[in-house]
Amino acid sequence: MKALLLSFGFGLVAVLQAQEFPDTEEIQDVTGTWYIKATASDKEIPEELESVSVTPMTITALEGGNLQVNFTALIVDRCREVSFVLEKTDKPDKYTVDGGTHVLYVMPSAVKDHYIFNWESKNHAFQFRLAKLLGRDPDINQEALEDFRNAARVAGLNAEKIFIPKQSETCSLRGN
Ligand SMILES: *[C@@H]1O[C@H](CO)[C@@H](O)[C@H](O)[C@H]1NC(C)=O
């Protein structure tokens, strides 16, 4: 369940692992605040998780090149703090979590100020792949969404079932 929450909350996948960055100078700074705009997966996203709302995600640089990721998600009527470390690897676009249980590939979107995070869980109990569209502002950008849909399709994810979370600045329980 933890892996499930981690991934649907954060939701990334290593779809395009075959696709290396042509130029490491293309890698930009992914630290700062991001809005999680869309998620695609190779698995069915459980219906109760589809009501998920998320706060902006903060990525901060740790010493040595690792990245700290923090955000909260409202999942099944509970605010959950999601926090984990992206461990750097010898490839600038590739990170691992939990010593390799999860692999993340970071890819710039075709649209400025957007990124696609591709996440692959190699957890033996539950393997899956996810992709997330991240943007610097909370508004839905149709071009970025279309680009994301194409990337998801190419990666073999379910491009017809893209989940768009609700944006909120703070996590507050429904009905409050
Ligand atoms: C992220 O979460 C961790 C663990 O809860 C905490 O120690 C850290 O201060 C948080 N960082 C930010 C930038 O919020």
>> I'd like the accessible area for Arg153: 1.4 Å probe, protein heavy atoms, all chains in place, Å² to the nearest 10.
In response: 120
>> At 0.36 nm per residue, and after removing the present C-alpha to C-alpha distance, how many nm does the segment from Lys122 to Leu62 gain when stretched out fully?
In response: 19.2 nm
> To the nearest 10 square angstrom, how much accessible area does Tyr105 have with a 1.4 angstrom probe?
Replying inline: 20
> At a Förster radius of 41 Å, what calculated FRET efficiency corresponds to the Cβ-Cβ distance of Glu146 and Lys88, to the nearest 0.05?
Replying inline: 0.85
> Can you run phi through the Karplus equation (6.51, -1.76, 1.60; θ = phi - 60°) for the range 158-170 and list ³J(HN,Hα) in whole Hz, with x for Gly and Pro?
Replying inline: 7, 6, 7, 10, 8, 9, 10, x, 7, 8, 8, 6, 10
> Between rounded, prolate and oblate, where does the range 30-155 land on the alpha carbon gyration tensor, with a ≥ b ≥ c its root eigenvalues, rounded for a/c under 1.5, else prolate if a/b exceeds b/c?
Replying inline: rounded
> Taking a ≥ b ≥ c as the square roots of the eigenvalues of the Cα gyration tensor of the range 126-170, is the shape rounded (a/c under 1.5), prolate (a/b larger than b/c) or oblate?
Replying inline: oblate
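For the pairs Lys37/Lys161; Lys112/Lys132; Lys122/Lys161, flag any whose C-alpha to C-alpha distance is greater than 20 Å. Before the final figure, lay out the partial values.
Working: Lys37/Lys161 14 Å; Lys112/Lys132 16 Å; Lys122/Lys161 22 Å.
Violating the 20 Å limit, Cα to Cα: Lys122/Lys161.
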>> Keeping all protein chains in place and using 1.4 angstrom, which order do Asp29, Asp147 fall into by accessible surface area, from largest down?
In response: Asp29, Asp147
> Once the whole set of protein chains is in place, how much accessible area is left on Val30, using a 1.4 Å probe, in Å² to the nearest 10?
Replying inline: 10
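The values are calculated or read from the model by the stated rules, or taken from the named source; none is laboratory data. Everything numeric here is computed off the predicted structure, so don't read it as measured data. Please note: Cβ atoms are built from the backbone with ideal geometry, for glycine as well, and neighbour counts cover all protein chains shown. The protein model used for the area step is the full one, side chains on, heavy atoms only, and it has no ligands, DNA or RNA in it. Shrake-Rupley method; radii C 1.70, N 1.55, O 1.52, S 1.80 Å.
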